[in-house]
Amino acid sequence: MRRKLVAGNWKMNGSTGSIRELLQGILGGAAEVAAVELAVFPPFVYLGAVEQQLSGSAVIWGAQNMCDQGSGAYTGEVSGSMLNDFHCTYVIVGHSERRTLYGESDQVVAQKFAAARKVGVKPILCVGETLDERERGVTEAVVGRQLKAVLDLEGIGSFADAVIAYEPVWAIGTGRTATSGQAQEVHAFIRAKLAELDPALANKVRILYGGSVKGSNAAELLAMPDIDGGLVGGASLDAKDFLAIAKAGC
Ligand code: PEP
């Protein structure tokens, strides 16, 4: 049985005050959704404050990105060991905004995945096709390629502690959600790809769906057999909306 994970990617949003309030709201409702693992992903500079507020609670936290290098002359970057200093459980790697806006290739994403594992931070690997790729019928080829880059570098065993997030790029921040059928199809494809290498492990890996998830569509998505939670952007900035999504997964 895979425990569902509902992860809030705050992107570049929030302030000291608004984050404190948002976390108060989430903590206020967390006990009611204890069946689901709840995680938040603030901008780097707020990790210390988030750690302070969440320590000892059931809500865990992580980072939205990290450097593939361990330390050194990489101005503006943040390493995996720095994330460890703030007791991050997870780090998101390969979010489509990193891939498209900052030119992160499949190889760089795979190196970030490897660097996270090296320091014991669990990677959440994002994969997903653009609208053009979906319309050209190459969704599986794209997702398969993104997955293969990590499998080639780190092997199937590396997914024992990792999470995958299927996020069709055309559904992120657009209000346009994949239907539960469309999402399930790709999730099943991802699990089958892993199962070709290790069926038992494939059955244990959590695969989240991301792309305009909200309280009103979460129940249908999270009811699908291969959807093990959500990676939530916009709706995670409101405690009520975020908790409503988690409730749908209980
Ligand atoms: C995301 O940032 O990963 C995401 C899915 O965003 P949204 O929920 O706003 O579409």
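The values are calculated or read from the model by the stated rules, or taken from the named source; none is laboratory data. If you're wondering where the values come from, they're calculated on a predicted model, not measured in any experiment. FYI the Cβ positions are ideal-geometry reconstructions off the backbone, even for glycines, and counts take in every protein chain you see.
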(Q) Filter region 231-245 down to the residues that are over 12 Å from the mean Cα position of the chain (by Cα), within 8 Å of the ligand (Cβ to nearest atom) and buried (at least 24 other Cβ atoms within 10 Å of the Cβ) and list them by number. (A) 236
Q.
Checking residue 72 against (1) farther than 20 Å from residue 242 by Cβ; (2) within 16 Å of the ligand (Cβ to nearest atom); (3) not hydroxyl-bearing (Ser, Thr, Tyr): exactly one of these is not met. Which one?
A. (2)
Q: Determine whether region 97-106 contains at least one residue that is within 16 Å of the ligand (Cβ to nearest atom), of a type in the set (A, V, I, L, M, F, W, C) and either under 15 Å from the mean Cα position of the chain (by Cα) or farther than 27 Å from residue 198 by Cβ (or both).
A: yes
Q.
Go through (1) touching a residue at least 60 places away in the same chain (Cβ under 8 Å); (2) surrounded by 22 or more Cβ atoms within 10 Å (Cβ to Cβ); (3) within 30 Å of residue 159 (Cβ to Cβ) for residue 35 and report which single condition fails.
A. (2)
Q. Would you pick out the residues in region 158-181 that are within 13 Å of the ligand (Cβ to nearest atom), of a type in the set (Gly, Ala, Ser) and either in contact with a Phe, Trp or Tyr (Cβ under 9 Å, 6 or more places away or on another chain) or in contact (Cβ under 8 Å) with a residue 40 or more places away in the chain (or both)?
A. 165, 171, 173, 178
Q: Count, please, the residues in region 202-230 that happen to be assigned to a helix (DSSP H, G or I) and either within 15 Å of the ligand (Cβ to nearest atom) or touching a Gly at 6+ places or on another chain (Cβ under 9 Å) (or both).
A: 7
Q. Which of the residues that make up region 133-160 are over 19 Å from residue 188 (Cα atoms), among the acidic types (Asp, Glu) and either at pLDDT 95 or above or in contact with a Pro (Cβ under 9 Å, 6 or more places away or on another chain) (or both)?
A. 152, 154
Q: Give the residues of region 127-148 that are in contact with a Phe, Trp or Tyr (Cβ under 9 Å, 6 or more places away or on another chain), within 23 Å of residue 201 (Cβ to Cβ) and not charged (D, E, K, R), sorted by residue number.
A: 127, 128, 143, 144
**Q.** All positions within region 92-128 that are surrounded by fewer than 19 Cβ atoms within 10 Å (Cβ to Cβ) and either of a type in the set (Val, Ile, Thr) or at pLDDT below 95 (or both)
**A.** 100, 108, 119
